[in-house]
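Below you'll find the structure, written out as structure tokens, and then a few comments.
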Amino acid sequence: MSGPLRLDEIATRVGGVVHGDGALVIRGVATLERAGPEDLSFFMNPRYRKAAAASRAGAILARVGSGLAGRTWLESADPHLALARILDAFHPRPVWVPGVSERASVAGSARLGTEVTVGPFAVIEDAVEIGDRAVVAAGAYVGAGSRIGAETVIFPRSVLYPGTLVGRRCLIHAGVVLGADGFGFATADGRHHKVPQVGRVVIEDDVEIGANTTVDRAMLGETVVGEGTKIDDLVMVAHGVRLGRGCLIAAQCGIAGSSRLGDRVTLAGQAGVSGHLEIAPGTIVASKAAVYGDVEKGGMIAGIPATEHVRWKRSQALVARLPEIWAELRGLRRRVGNLEERTQ
Amino acid sequence: MSGPLRLDEIATRVGGVVHGDGALVIRGVATLERAGPEDLSFFMNPRYRKAAAASRAGAILARVGSGLAGRTWLESADPHLALARILDAFHPRPVWVPGVSERASVAGSARLGTEVTVGPFAVIEDAVEIGDRAVVAAGAYVGAGSRIGAETVIFPRSVLYPGTLVGRRCLIHAGVVLGADGFGFATADGRHHKVPQVGRVVIEDDVEIGANTTVDRAMLGETVVGEGTKIDDLVMVAHGVRLGRGCLIAAQCGIAGSSRLGDRVTLAGQAGVSGHLEIAPGTIVASKAAVYGDVEKGGMIAGIPATEHVRWKRSQALVARLPEIWAELRGLRRRVGNLEERTQ
Amino acid sequence: MSGPLRLDEIATRVGGVVHGDGALVIRGVATLERAGPEDLSFFMNPRYRKAAAASRAGAILARVGSGLAGRTWLESADPHLALARILDAFHPRPVWVPGVSERASVAGSARLGTEVTVGPFAVIEDAVEIGDRAVVAAGAYVGAGSRIGAETVIFPRSVLYPGTLVGRRCLIHAGVVLGADGFGFATADGRHHKVPQVGRVVIEDDVEIGANTTVDRAMLGETVVGEGTKIDDLVMVAHGVRLGRGCLIAAQCGIAGSSRLGDRVTLAGQAGVSGHLEIAPGTIVASKAAVYGDVEKGGMIAGIPATEHVRWKRSQALVARLPEIWAELRGLRRRVGNLEERTQ
């Protein structure tokens, strides 16, 4: 599909139900604040109920049961997914013009698939293999022996150290560094001797990695980012880490050396995981948490050190009340002292 | 003005009062440790009182009432601002030689103002507009349709994704990435489907952004950094965030999607703000804090979760004393047990 | 030495003792999981005892007294150091082919030593000096007046602002930014006026700096990273900081302006140090900790604010038990109330 589209056509394609004027022609998608009468907007977070009511949007996409009385709206069991599809329709993905820039530096021994794009000042070193329709954008660097899967995009100025493997349909954003040396030293006689980092980085299919994130190469073996895992900006994945499939790693998280995250683990922003740990599939780590031990069953954990989220919340509520608790304790001490005197 | 300058001339220009030898000729500005008899140094933080006393500096700039007895010093109501002006005088800003490097890649449809500098290996894509006297330094990448205001400097290797707007007199340091995709996915059937990020990034006038910071494009609409806001290194500004005017965001802070910071908000180092929040103008968030809820009035907040700073400090002092509190509680329990026996 | 090697030869060279078959020919080094009968593997962390027992490795390097009964193993007093040497033997460091790429931009006034490597699209500005056998890899930027010592490698896309000094045998990984402006502003009339940052960055010999780390230039004087210090990825070293010799700074740490770390200080991941502090030599700061005050004697500190590690651990254990403590306190209050009634 491609815009403009009638609202009922959109509903059919994304599997939703129209309340109100299904014949309305939608010409764009916009935020609640900016949408006009020919735009579709969306309302998923209850924080924005007022904004939804005040919006000039012609139609609003919302969750089942949102009850936007008196408005034309599109009811969806999964409005996030519906929105993703609608945006795809109205905003086709940018097209990369295939071809190798004359201003790129491509080694003679590199093998490029069909319809590959290589931007100006990109560098592709010896024995690199690049899949069909893949993109190595302006100024990106692909070290010797690396392999990039079909339809993957390496955005401007990202760097793949030698021997890095990136799967198919990945998005590696600007400034990402894959395969730099892990942080490994043997300290003797007061000096830190470098432990050679001779492993590599393997990024499986359908992974997205945000701007300026770093994934270090393993000392030996591989640092692995599992299929379908999505990583935000400024994340640090250390040497020898294995991220499972379908993980979500929010911005500025750090995962120390050799830890293994199961499938579908979520780390919220600025969380940290110590080295050599195992985190069970499906675990959710709250933002700012520090995981210092293995996590054997999933569930949500929080705090420094991380513990069960519900328990952490209760403890923190009491930390906030410590001044009252302390006052209470001093009061009791006095009363006990009085009792002791009285009963001597 | 430009150095060398007599101390009393400096005083006149920055609005200060000389104590001691106003005729002293100042040839440079230096730290307390390195300054010699023809240098001006400065003393603003009481931690450095000893260093100030020991300094060989010919003159010392200091706050009103600093009482540097027996020394030649320059008393100022605002020594930070005076120092900024004095440094400007003695160290003129680096000059960028206008001209477009033959080794840059500039699209024919790009429009460049007068006296623009474009460094080697910079890439300027289709329909970009660059204001007068702006600089796109070596290896920087400016995506299609971006606009850069007059006198702005894009430092080496920074990346502007397509459609990014940067105002006038901005400094965008090396490695900064503006406009990479926000972290947005709709999870269905165990897979994370990308929600297209079709908004853009708008950096208003007089903004400075530190090295390797990332500002993601909005899903829809704009991610905005308000006029005069200053951002340090390695900060993450997520999709749809709005930073007000005159904010100060220290290094390694993260602001999650769609949050709005009012004018003059300060985030100290490594602080985090969750998504979809409103932070009142003038709020100060302590380093390492995690803001999990709206902040309705200004003031200083701290902790994980963030709470009133004074309250946080009191609670943390008691956390440190928990071993004693626990011992006290056990003692009381024993005494109450004794009392109960005795009064049976 | 270079592989393949007999196990007893390896033992002689790294100073270890063979238990079992010293004549075994070792052809490679691998992780416990991947090693085969002609590989050496290693076992240092007790977490991996089971993996060591199950490994198909021909030989295992381990600490004195590891007691790998029934296996061929190499006993070492310092297995980390031994491993570093063995890896060096089996995986010779990558060789950089000397020569200046025709596609680099090198100022006429730059002085290059012998056997220097300059990659494509690297930029070397006026009056830069580069020592013998140093490498400025593809797309790296070396600002005017910078100096790079012999045998140092500047990896792809890293940026040295003008006037930066880097010593000998350093490794500056991809995306690193040295010498961007420190975060210094004088606020007056609601506006943040830039305090010119006219100092520089000095990286001493044998320093390694991880991918996308930033070290800002000093306002005046120098930001210094001491000899032999190793810095991980995404670390922020602010203006005027001095790191001593032999420090270890793990990923995503931040050190605020003008703080001074003594020799051999360790910061674990995501730790932060406030500005203008002095940290004693040998101090170990736990991950996620926030150092808000001077540290006068070494030892390990943890927490926000950071305190003695042992004490922090005890307090945190009690924080986790606060719900029980609170219940206990309420129980006592009741009992005391009862006692008071009874003894009226």
Study note, to complete from the structure: Reported set for the stretch A:259-282 where residues are more than 9 Å from every other protein chain (Cβ to nearest Cβ) and farther than 20 Å from A:GLY240 by Cα is A:GLY282
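Results for (1) in a loop (DSSP other than H, G, I, E, B); (2) of a type in the set (Ser, Thr, Tyr), shown as yes or no for each residue.
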site: C:GLY36; (1), (2): yes, no
site: C:SER41; (1), (2): no, yes
site: C:GLY65; (1), (2): yes, no
site: C:GLU75; (1), (2): no, no
site: C:ASP88; (1), (2): no, no
Point to revise | Residue satisfying all of: in the stretch A:118-166; open to solvent by 10 Å² or more (accessible area, probe 1.4 Å) and of a type in the set (Ser, Thr, Tyr); farthest from C:PRO94 (Cα to Cα) among these | key: A:TYR141
Check your understanding: If a residue has to be in contact with a Lys or Arg (Cβ under 8 Å, 6 or more places away or on another chain) and at the interface with chain B (Cβ under 10 Å from one of its Cβ atoms) to count, how many in the stretch C:150-162 make the cut?
Key -> 3
Review point. Can you tell me which residues in the stretch B:210-244 are within 10 Å of another protein chain (Cβ to nearest Cβ) and touching a His at 6+ places or on another chain (Cβ under 7 Å)?
Key: B:GLY210, B:ALA211, B:ASP216, B:ALA218, B:MET219, B:GLY228, B:LYS230
Exercise for review: Search the stretch C:163-191 for residues that are closer than 23 Å to A:TYR161 by Cβ and pair each with any residue that is of a type in the set (Val, Ile, Thr) and in a loop (DSSP other than H, G, I, E, B) when their beta-carbon atoms are under 6 Å apart and the residues are at least 6 apart or on different chains.
Suggested key: C:VAL166/C:THR152; C:CYS170/C:THR152; C:CYS170/C:VAL207; C:VAL176/C:THR213; C:LEU178/C:THR164
Check your understanding: Of the residues that sit in the stretch A:287-316 and are without any contact (Cβ under 8 Å) to a residue 12 or more places away in the chain and not basic (Lys, Arg), which one is nearest to the other protein chains (Cβ to nearest Cβ)?
Key -> A:THR307
Review point. Taking the stated definitions as given, is B:GLY175 on the phi > 0 side of the Ramachandran plot and facing chain A (nearest Cβ under 9 Å)?
Key: yes
Practice item. Would you please name the residue that is farthest from the other protein chains (Cβ to nearest Cβ), looking only at residues in the stretch C:317-344 that are in contact with a Ser or Thr (Cβ under 9 Å, 6 or more places away or on another chain) and either open to solvent by 80 Å² or more (accessible area, probe 1.4 Å) or assigned to a helix (DSSP H, G or I) (or both)? Key: C:ARG321
Exercise for review: Inspect the stretch C:167-190 for any residue being surrounded by fewer than 20 Cβ atoms within 10 Å (Cβ to Cβ), in contact with a helix residue (DSSP H, G or I) (Cβ under 6 Å, 6 or more places away or on another chain) and at pLDDT 95 or above and give the result as yes or no.
Suggested key: yes
Study note, to complete from the structure: A careful count of residues in the stretch A:115-140 that are within 14 Å of chain B (Cβ to nearest Cβ) and under 23 Å from the mean Cα position of the chain (by Cα) gives 4
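Every residue, every condition in (1) at pLDDT 95 or above; (2) part of a strand (DSSP E or B); (3) within 17 Å of the chain's Cα centre (by Cα); (4) of a type in the set (A, V, I, L, M), yes or no:
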{"position": "C:HIS239", "(1), (2), (3), (4)": "yes, no, no, no"}
{"position": "C:ALA251", "(1), (2), (3), (4)": "yes, no, yes, yes"}
{"position": "C:ARG264", "(1), (2), (3), (4)": "yes, no, yes, no"}
{"position": "C:GLN270", "(1), (2), (3), (4)": "yes, no, yes, no"}
{"position": "C:GLY275", "(1), (2), (3), (4)": "yes, no, no, no"}
Review point. Here are some residues: C:GLY272, C:GLY303, C:GLY257. Which one is open to solvent by less than 20 Å² (accessible area, probe 1.4 Å) and within 30 Å of B:ARG330 (Cβ to Cβ)?
Key: C:GLY303
Exercise for review: Scan the stretch B:263-276 and give yes if some residue there is among the charged types (D, E, K, R) and in contact with a Gly (Cβ under 8 Å, 6 or more places away or on another chain), otherwise no.
Suggested key: yes
Check your understanding: Quick one: what pairs do we get from the stretch A:95-118, first residue over 18 Å from C:ALA138 (Cα atoms), second assigned to a loop (DSSP other than H, G, I, E, B) and modelled with pLDDT under 95, C-beta under 6 Å, 6+ apart or different chains?
Key -> A:THR117/A:TRP96
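The values are calculated or read from the model by the stated rules, or taken from the named source; none is laboratory data. Just so you know, these numbers come straight off a predicted model, no measurement behind them. Every residue, glycine among them, receives a Cβ derived from its backbone with ideal geometry; neighbour counts consider all protein chains shown. Accessible surface is based on the protein model in full, side chains and every heavy atom, while ligands, DNA and RNA are left aside. Shrake-Rupley method; radii C 1.70, N 1.55, O 1.52, S 1.80 Å.
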